[in-house]
Amino acid sequence: MGVKIGVLALQGNVSEHIDAFEHALERMGQVSPCSVFPVKKAPEISGCGALAIPGGESTTISRLIEKNHLYDPIRNFSGGIFATCAGMVLMATRVDDPRIRPLGLIDITVDRNAFGRQKESFETDLQIHGLDEGPFHAIFIRAPVATGTGTGVHVLARIKQGIVAVEQGKHMALAFHPELGSDTRLHERFLKKLGM
Ligand code: GLN
């Protein structure tokens, strides 16, 4: 049956992450098959080896995490978490918006919507530490940036406005949307780190 990869399905780019993980697994030529599926309940989450928190609206996702009693189950999750955009906001230790109760799983300070109006959405080629086969075409949509990191946080990429990709232990957080392009190298890197 292999390892289960859950995509938190409260709001946001859920099906895009499921597709991206499936493509990543195909490209990695899985020996022991992993399955990817949406998760909404605490027992589903704890049965997974990896979890994705997708992009969407972090205030909404935070509210739904509380409403569905998922704060502690996610905080105590023993596997790796792959978080993008709104997901990165939720993973932080400190967030500039009191409506969000951050999970504190990656020791970063995050500014939501860090780009001015004109640059609310943009695409750029990013040099990402450890991705040697060339830059990553990154899609930013009303993206956050990390303005500070604690010890134990490994910065993978930064642009003029701040830090846009980090790893801490098993977790990875990205300010952009790798699930919206066809490049699955970051999904693959996350899974490989977990030994999948
Ligand atoms: N600005 C959104 C937020 O902070 C994130 C946008 C996104 O995930 N594309 O919730």
Fill in the blank from the handout: Within the stretch 114-136, the count of residues that are farther than 17 Å from His171 by Cα and loosely packed, with under 15 Cβ neighbours inside 10 Å comes to 15
Exercise for the section: Residue by residue through the stretch 71-89, note down the ones that are touching a residue at least 60 places away in the same chain (Cβ under 8 Å), within 16 Å of the ligand (Cβ to nearest atom), at negative phi and in contact with a Lys or Arg (Cβ under 9 Å, 6 or more places away or on another chain). Expected result: Ile81, Ala86
Exercise for the section: Would you please list the contacts, defined by Cβ atoms under 8 Å and residues six or more apart or on different chains, that run from a residue in the stretch 1-21 that is over 22 Å from Thr59 (Cβ atoms) to a residue that is within 15 Å of the ligand (Cβ to nearest atom) and part of a helix (DSSP H, G or I)? Expected result: Asp19/Glu179; Ala20/Pro178; Ala20/Glu179
Handout entry: For Pro102: the one exception among (1) under 22 Å from Ala42 (Cβ atoms); (2) away from the ligand (no atom under 13 Å from the Cβ)
Key = (2)
Handout entry: Sole residue being under 19 Å from Gly55 (Cα atoms) and in contact with a Pro (Cβ under 9 Å, 6 or more places away or on another chain), chosen from Ala143, Ala86
Key = Ala86
Practice task
Scan Val166, Val110 and give me the residue that is buried (at least 20 other Cβ atoms within 10 Å of the Cβ), outside any helix (DSSP H, G or I) and within 13 Å of the ligand (Cβ to nearest atom).
Solution key: Val110
Problem - Residue that is modelled with the lowest pLDDT [pool: residues in the stretch 116-158 that are away from the ligand (no atom under 13 Å from the Cβ) and of a type in the set (Ser, Thr, Tyr)] - result: Thr151
Handout entry: Number of the condition not met by Arg189 [criteria: (1) closer than 22 Å to Gly56 by Cα; (2) part of a helix (DSSP H, G or I)]
Key = (1)
Exercise for the section: Give the stretch 1-44 a look and list any residue that's modelled with pLDDT under 95 and among the hydroxyl-bearing types (Ser, Thr, Tyr), or say none. Expected result: Ser32, Ser35
Practice task
Restricting attention to the stretch 17-61, report how many residues are buried (at least 19 other Cβ atoms within 10 Å of the Cβ) and assigned to a helix (DSSP H, G or I).
Solution key: 9
Practice task
Just name the residue that is nearest to Met88 (Cα to Cα) out of those in the stretch 137-160 that are surrounded by 14 or more Cβ atoms within 10 Å (Cβ to Cβ) and of a type in the set (Val, Ile, Thr).
Solution key: Val145
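For every residue, the table says whether it meets (1) within 20 Å of Ser58 (Cβ to Cβ); (2) in a strand (DSSP E or B); (3) among the small types (Gly, Ala, Ser); (4) free of Cβ contacts under 8 Å to residues at least 12 places away in the same chain.
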| site | (1), (2), (3), (4) |
| --- | --- |
| Ala138 | yes, yes, yes, no |
| Ala143 | yes, no, yes, no |
| Gly152 | no, no, yes, no |
| Val155 | no, yes, no, no |
| Phe176 | yes, no, no, no |
| Ser182 | no, no, yes, no |
Handout entry: Residue in the stretch 54-70 that is nearest to the ligand (Cβ to nearest atom), counting only those that are under 23 Å from Lys4 (Cβ atoms) and more than 16 Å from the chain's Cα centre (by Cα)
Key = Leu64
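The values are calculated or read from the model by the stated rules, or taken from the named source; none is laboratory data. None of the values given here were measured: they were computed from a predicted structure. Don't worry about glycine lacking a Cβ; one is built from the backbone with ideal geometry, like all the others, and counts go over all protein chains shown.
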